[in-house]
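Visitor: Got a structure here, written out as structure tokens. Questions coming.
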Amino acid sequence: MGTFCSVVKFENLQELKRLCHWGPIIALGVIAICSAMAMIDSVLWYWPLHTTGGSVNFIMLINWTVMILYNYFNAMFVGPGFVPLGWKPENSQDSVYLQYCKVCQAYKAPRSHHCRKCNRCVMKMDHHCPWINNCCGYQNHASFTLFLLLAPLGCIHAAFIFVMTMYTQLYNRLSFGWNTVKIDMSAARRDPLPIIPFGLAAFAATLFALGLALGTTIAVGMLFFIQMKIILRNKTSIESWIEEKAKDRIQYYQLDEVFVFPYDMGSRWKNFKQVFTWSGVPEGDGLDWPIREGCHQYSLTIEQLKQKADKRVRSVRYKVIEDYSGTCCPLNRGIKTFFTSPCTEEPRIRLQKGEFILATRGLRYWLYGDKILDDSVLEGTLV
């Protein structure tokens, strides 16, 4: 009992609230449907107790489910790791190269960014993922990427089982005119008959699960490709965006300088090892990072400060002429505005007539920018 209490603490139970969000509910629902239907169809198609192949197929299916859930919950509950509250660099003179977070009352460590959803500065923040209802960063980047790899592989296996089950079950019931096709259908004609009957409802459920599996394979597979692309360059999604803005800033002002990303180790294998290790524990402490030769320790943070200053210069100042409640999809702003609402979890800023905003970029019906509050600003999305 004492061991159980030492593992399950109040803080751990509080983390279970992350499951109460549309992202984990949908993700776990898809995993549950595909896994359950694949196991049921495995019994129908390739009885696991009669042949070695059937046993291996069923064990592999269970293995996919366990590994997918293990990495999914690791990414969700282990979390990205947060910069300690009140953190500051050991050398106080280095603070001039860093941004200060008023919410966390601390300096933003290199490669860290403040997440408005988590309300903390996240170490090596890649993005806030709604599917795990948590940030992807320093501590859980490997688990998150492994989940993106294993989910499509498991779905491909499940999709194959769905297709073979429907084919074998319909083989003796419908004539497709495939008289020349020679396939061993002994599994479909075995005696005794399968315990679970394959009726219209089972066919519809299998077809639905097949659609989920194929959709997940394509969507999650693309996300895995994007993640591996930036990992092999030792970047995050945010840092890739910062690099693009650095090139834009240099081109806009026609400066005689070249921005070199400081954390690329020059080798894909070395970059890979910065995230994936045999122990499962990522390299470093999440605050200090190795840099490539010739780069400054704070090259990236210095560039961020330049971009922040440039953002103020190039921003357009607007005056609010109507009140806005800050709702996500405001119906009172028209049908077009409602249906063109940005697909983002960024907070919408509540506005009152007469206030001023700084718009940094925009869509046709929406603006992204800062609300001017005396000497400070509140970032978000504006209608």
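The values are calculated or read from the model by the stated rules, or taken from the named source; none is laboratory data. What you are looking at is a predicted structure, and each value in this text was computed from that prediction instead of being measured. Methodologically, a virtual Cβ is constructed for each residue, glycine included, from the backbone with ideal geometry; neighbour enumeration extends over all protein chains shown. SASA here: full protein model, heavy atoms, side chains in, ligands and nucleic acids out. Shrake-Rupley method; radii C 1.70, N 1.55, O 1.52, S 1.80 Å.
Visitor: Hey, any hits in segment 49-59 for a residue that's over 23 Å from Leu210 (Cα atoms), hydroxyl-bearing (Ser, Thr, Tyr) and assigned to a helix (DSSP H, G or I)?
Guide: Yes - at least one qualifying residue is present in segment 49-59.
Visitor: When residues of segment 295-314 are filtered for being modelled with pLDDT under 80 and either touching a Pro at 6+ places or on another chain (Cβ under 9 Å) or closer than 30 Å to Met265 by Cα (or both), how many remain?
Guide: Count: 1.
Visitor: Return only the number of the condition from (1) at pLDDT 75 or above; (2) charged (D, E, K, R); (3) open to solvent by 60 Å² or more (accessible area, probe 1.4 Å) that Asp370 does not satisfy.
Guide: (3)
Visitor: From the list Arg317, Arg333, Arg364, which residue is at pLDDT below 75, loosely packed, with under 15 Cβ neighbours inside 10 Å and over 26 Å from Cys135 (Cα atoms)?
Guide: Exactly one of Arg317, Arg333, Arg364 is at pLDDT below 75, loosely packed, with under 15 Cβ neighbours inside 10 Å and over 26 Å from Cys135 (Cα atoms), namely Arg364.
Visitor: Ala109 - would you say it is outside the structural domain of Phe160 (by the TED database) and either charged (D, E, K, R) or open to solvent by less than 50 Å² (accessible area, probe 1.4 Å) (or both)?
Guide: Yes; evaluated as a whole, the condition is true for this residue.
Visitor: To continue, here is another question. Give the number of residues within segment 51-82 that are open to solvent by 20 Å² or more (accessible area, probe 1.4 Å) and of a type in the set (Gly, Ala, Ser).
Guide: Count: 2.
Visitor: Among Val275, Val281, which is surrounded by 15 or more Cβ atoms within 10 Å (Cβ to Cβ) and part of a loop (DSSP other than H, G, I, E, B)?
Guide: That would be Val275, the only listed residue that is surrounded by 15 or more Cβ atoms within 10 Å (Cβ to Cβ) and part of a loop (DSSP other than H, G, I, E, B).
Visitor: Scan segment 87-130 for residues that are free of Cβ contacts under 8 Å to residues at least 40 places away in the same chain and not in a loop (DSSP other than H, G, I, E, B) and jot them down.
Guide: Ser92, Gln93, Ser95, Val96, Tyr100, Cys101, Ala106, Tyr107, His114, Cys115, Arg120, Cys121
Visitor: Hey, another quick one. Identify, please: which residue in segment 223-250 is of a type in the set (A, V, I, L, M) and either touching a helix residue (DSSP H, G or I) at 6+ places or on another chain (Cβ under 9 Å) or not in a helix (DSSP H, G or I) (or both) and is, among those, farthest from Asn140 (Cα to Cα)?
Guide: Restricting to residues being of a type in the set (A, V, I, L, M) and either touching a helix residue (DSSP H, G or I) at 6+ places or on another chain (Cβ under 9 Å) or not in a helix (DSSP H, G or I) (or both), the top hit is Ala246.
Visitor: Does at least one position in segment 256-264 carry a residue that is surrounded by 19 or more Cβ atoms within 10 Å (Cβ to Cβ), in contact with a helix residue (DSSP H, G or I) (Cβ under 9 Å, 6 or more places away or on another chain) and within 30 Å of Ile161 (Cα to Cα)?
Guide: no
Visitor: So, one more: Taking into account only those residues within segment 340-361 that are modelled with pLDDT of 75 or more and of a type in the set (A, V, I, L, M, F, W, C), which is nearest to Cys115 (Cα to Cα)?
Guide: Ile349
Visitor: Name the single residue, out of those in segment 284-314 being of a type in the set (Gly, Ala, Ser) and within 21 Å of Cys136 (Cα to Cα), that is most open to solvent (accessible area, probe 1.4 Å).
Guide: Going through the qualifying residues, I end up with Gly284.
Visitor: Still on this structure, please answer the following. Only one of these is under 27 Å from the mean Cα position of the chain (by Cα), closer than 28 Å to Phe224 by Cβ and at pLDDT below 85: Gly280, Gly286. Name it.
Guide: After applying the criteria, what remains is Gly280.
Visitor: Can Gly326 be described as outside the structural domain of Val96 (by the TED database), of a type in the set (Gly, Ala, Ser), surrounded by 13 or more Cβ atoms within 10 Å (Cβ to Cβ) and at pLDDT 75 or above?
Guide: Spelling it out, Gly326 is indeed outside the structural domain of Val96 (by the TED database), of a type in the set (Gly, Ala, Ser), surrounded by 13 or more Cβ atoms within 10 Å (Cβ to Cβ) and at pLDDT 75 or above.
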